[in-house]
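Data block below; observations after.
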Amino acid sequence: MSDIPVLYAIAAVVVIVAGLALIAASFVYIKNSGSKAAAEQPVPLSSIKTDNAVAHALAARVSMRNLADDPNPATLLRLQHMFEVTGDKLSQISKHMMAEMKKGLASDDQTMKMIPTHVVRRPKGNETGSYLALDLGGTNFRVCEISLDGHGGTRSRQSKHTVTDDLKSGTGEALFDFFAECVKNFLKNDGQHEYTDKEIESRSYKLGFTFSFAVNQVSINEGYLMLWNKGFSASDCIGKNVVVLLQDAFKRKRLNISVTALVNDTTGTLVSHAYTAPDTYVGVILGTGTNAAYVEKIENVVKFKSHGNAKDMIINTEWGAFDDEMVVIPRTKYDHKVDRGTAHYKTWTFEKLISGMYLGEIVRYVLADLVKTGEIFAAGGSKTLGVQYAFETAYMSRIERDHSLDLSDVRTVLEDLMHIPSTTLADRRLVRAICEMIGKRAARLSAAGIAAIVTKMNKLDGCTVGIDGSLFELYPHFSNRMRDALHEILGFSADNIVLEQARDGSGQGAALIAALADTLTE
């Protein structure tokens with residue numbers, strides 16, 4: 001009997017120990033489960049209860065992983081400083097352009113030519129008939145037929161052609177013969193019928209010629225080429241009446257076509273957009289090249305001797321040559337490299353900063369320079385990267401449009417099209433940032449030009465700007481960047497300035513002016 005209490009005591013101790021073991025096991029399980037769950041969640045480094053050495057090591061590992069995927073901050077900052085145009089600088093540029101516009105309206109020997117177009121009225125929407133338009137804007141060339149229904153509506157058909165480099169740099173006669181041949185082929189097939197040469201040659205047509213180069217225009221259908229740009233250098237054209245050059249080519253092709261209007265593409269864009277939006281007073285081209293036209297009071301065109309009753313006239317600014325003196329716009333070493341590689345060195349400098357012809361080339365020079373300094377493409381560059389104009393502005397659009405995690409489309413452009421051996425994510429992010437810097441600068445400079453024109457017209461209370469061209473229509477964020485810049489320059493007045501896409505403005509505008517040549521001119 002005396003052994004029984006001892007047995008009870010031993011049993012009690014066993015139960016207590018077992019209970020403590022169970023509690024300890026549960027605690028360990030809960031702790032491990034919590035640690036596992038915590039490991040699966042992003043935890044701020046500051047919340048990790050560990051010693052400083054472990055925390056610093058973990059932070060360094062995370063930082064190294066991020067740095068491996070990001071461009072070199074020093075490279076980014078250097079390039080951003082080079083290509084940034086502040087709001088204050090944009091205001092200075094805009095004011096300087098207004099001063100240059102006034103100089104150009106007073107005399108012909110200025111960098112901004114401010115050419116009178118002799119178009120003194122705009123269409124009303126009740127015009128009828130069918131008219132041809134020949135639209136030469138740059139690399140692409142179009143033949144259009146526009147039918148006006150008398151109620152503000154139009155029907156059109158067109159054919160597109162590419163002007164080869166051989167034609168651009170060949171003889172003027174060969175270039176204009178090519179235009180005439182394209183028009184003849186266009187007329188022979190209207191999509192429903194095939195016509196013989198004899199049938200085409202027996203008909204008469206009126207044509208508006210959109211010629212997007214600087215001309216000294218002395219009447220609605222007479223203008224003398226002042227100089228080529230956009231890669232053109234055809235011989236025997238400078239100083240010649242381009243209407244006569246085209247008319248002679250039509251005669252050689254036995255075509256009875258009368259060129260009744262010579263139109264700059266910006267003038268055509270303005271007139272075309274005003275056909276449906278009457279408050280349009282500015283036309284802008286933002287494509288392969290760039291230019292702007294606007295409605296000016298004839299009394300302000302000092303160099304123009306008016307003989308009629310018209311009060312307003314459309315002025316072709318030829319703003320591509322703005323700041324050729326290099327007074328106000330900051331330029332980088334890459335801009336100067338592009339300039340030296342063109343046929344028109346130290347001219348058309350504004351155009352070389354904002355037009356689709358040159359933006360990709362600026363990017364190419366930046367990338368080639370970074371390869372030399374070892375800041376990009378550790379595997380090396382490529383022969384393609386050394387080819388002039390190999391990096392197309394269309395590539396920039398594609399790159400800026402890529403929002404994938406690994407920037408797969410950027411890789412396609414760099415490795416498949418530019419033949420870079422291999423790229424890292426940091427490389428691709430840097431290239432995307434460079435395209436954004438250069439594209440953003442172009443949009444902001446374009447906005448500075450528009451701000452100058454609208455202010456010059458005293459239209460800050462309300463004005464529509466019709467804009468044609470692939471940059472405004474297709475380049476990601478281009479239009480929004482322009483609007484942001486307008487707000488920086490004009491403040492609340494920017495809300496009154498409407499930027500609208502003016503599709504096919506140059507072709508339709510030329511046909512409209514051809515239709516109205518007798519009533520729209522002075």
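A short reminder: the numbers here are calculations on the coordinates, not readings from a lab. In this text, all values refer to a predicted model and were calculated from it rather than measured experimentally. A quick note on method: Cβ atoms are made from the backbone with ideal geometry, for glycine too, and the neighbour counts reach across all protein chains shown.
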If you keep only loop residues by DSSP, which GluC sites (Glu not before Pro) in the range 299-359 have at most 16 other Cβ atoms within 10 Å of their Cβ?
E325
Count of lysine pairs in the range 173-315 with Cα separation under 27 Å (8 or more residues apart, or interchain)
24
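When a/c is below 1.5 the answer is rounded, else prolate if a/b is larger than b/c, else oblate, so apply that to the range 377-515 with a ≥ b ≥ c taken from the square roots of the Cα gyration tensor eigenvalues.
Working: a/c = 3.07, a/b = 1.93, b/c = 1.59.
Prolate shape, in that a/c is at least 1.5 and a/b is the bigger ratio.
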Note on the range 451-505: alpha-carbon gyration tensor, axes a ≥ b ≥ c; rule is a/c under 1.5 for rounded, else prolate if a/b larger than b/c, else oblate; result oblate
Net lengthening on full extension, E222/T276 (0.36 nm per residue, minus Cα-Cα)
16.7 nm
Alpha-carbon centroid distance for the pair the range 218-250 / the range 452-522, whole angstrom
26 Å
Taking mean projected area of the Cα convex hull in nm² straight from the coordinates, which label in (1) 38.7; (2) 22.8; (3) 27.9 is the correct one?
(1)
Once the other residues with Cβ under 12 Å from the Cβ of L286 are scored (Lys, Arg +1; Asp, Glu -1), what is the net sum?
-3
Positive-end residue of L414, I314, N300, charge dipole of the range 293-423 with Cβ unit charges
N300
Expected unfolding gain across S258-H403 under the 0.36 nm per residue rule, minus the alpha-carbon gap, is 47.1 nm
Put a dot 7 Å past each Cα toward the Cβ at R203 and K346; how far apart are the dots in nm?
5.1 nm
Distance between modelled label sites at Y389 and Q192, nm, 7 Å Cα→Cβ extension
4.0 nm
Quickly work out the T86-to-D70 label distance, labels modelled 7 Å from Cα along the C-beta direction, and quote it in nm with one decimal.
2.5 nm
Debye calc, one equal point scatterer per Cα of the range 125-218, no solvent, log10 I(q)/I(0) at q = 0.11, 0.20, 0.22, 0.23 1/Å comes to -0.38, -1.10, -1.22, -1.27
Here, the range 65-200 modelled as identical Cα point scatterers in vacuum has Debye log10 I(q)/I(0) at q = 0.10, 0.11, 0.19 Å⁻¹ of -0.73, -0.82, -1.14
Projecting each Cα onto the charge dipole of the chain (Lys/Arg +1, Asp/Glu -1 at the beta carbon, about the Cα centre), which of G104, M326, A390 comes out farthest on the positive side?
M326
In degrees, nearest 10, the alpha-carbon axis of helix 425-457 is tilted away from the dominant principal axis of the alpha carbons of the chain by 40 degrees
Those residues of the range 233-266 whose amide nitrogen sits under 11 Å from the label point placed on T171, 7 Å along Cα→Cβ:
235-236
Give the angle, between 0 and 90 degrees and rounded to the nearest 10, that separates the Cα long axis of helix 359-372 from the longest principal axis of the Cα atoms of the chain.
40 degrees
Gain in length, S130 to I238, computed as 0.36 nm per residue apart minus the alpha-carbon separation, to one decimal in nm?
35.7 nm
What is the angle, in °, between the Cα long axis of helix 265-276 and the longest principal axis of the Cα atoms in the chain? Nearest 10 is fine, range 0 to 90.
80 degrees
Among 442-448, 263-269, what's the highest-first ranking by average C-beta atoms within 10 angstrom per residue?
263-269, 442-448
The local net charge around E361, scoring Lys/Arg +1 and Asp/Glu -1 for residues other than E361 whose Cβ lies under 15 Å from its Cβ, equals +3
Within 10 Å of each candidate Cβ there may be at most 10 other Cβ atoms; applying that plus a DSSP loop requirement, which trypsin sites (Lys or Arg not before Pro) in the range 351-417 survive?
K383
